[in-house]
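Novice: The structure under discussion is supplied below as structure tokens; questions concerning it will follow.
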Amino acid sequence: MAAVGGLSILLTLPLFIHAAAPASGGHINSMITIATFTAKLAALPRAIVYVFMQCLGAVAGGFLLRAGLGEAATVGVG
């Protein structure tokens, strides 16, 4: 089962990067942003803004997921 997940990511991630490239330069997640910074393809201020906004989007997505599923369905709720 893990091989199926790995293959699906291997096939779909390049498509997502290619689709998002015109809008964001292909920065799908923070690791891609950090990799482009270390390869000197992105400036430090731009990388900081991208990572901050990606984290902010993840937090907003988590809140929306919790609101949609309800508190009882979330993991770690006592």
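The values are calculated or read from the model by the stated rules, or taken from the named source; none is laboratory data. From a predicted model like this one, the values you see are computed outputs, not experimental measurements. Quick reminder, even Gly has a Cβ in these numbers, built from the backbone with ideal geometry, and neighbours come from all protein chains shown.
Novice: Report, ordered by the first and then the second residue, all pairs with beta carbons closer than 8 Å, sequence separation of six or more or different chains, a first member in the stretch 59-78 that is part of a helix (DSSP H, G or I), and a second member that is at pLDDT below 90 and loosely packed, with under 10 Cβ neighbours inside 10 Å.
Specialist: E71/V77
Novice: Provide a single number: the residues in the stretch 27-77 that are surrounded by 12 or more Cβ atoms within 10 Å (Cβ to Cβ) and among the charged types (D, E, K, R).
Specialist: Number of matching residues: 2.
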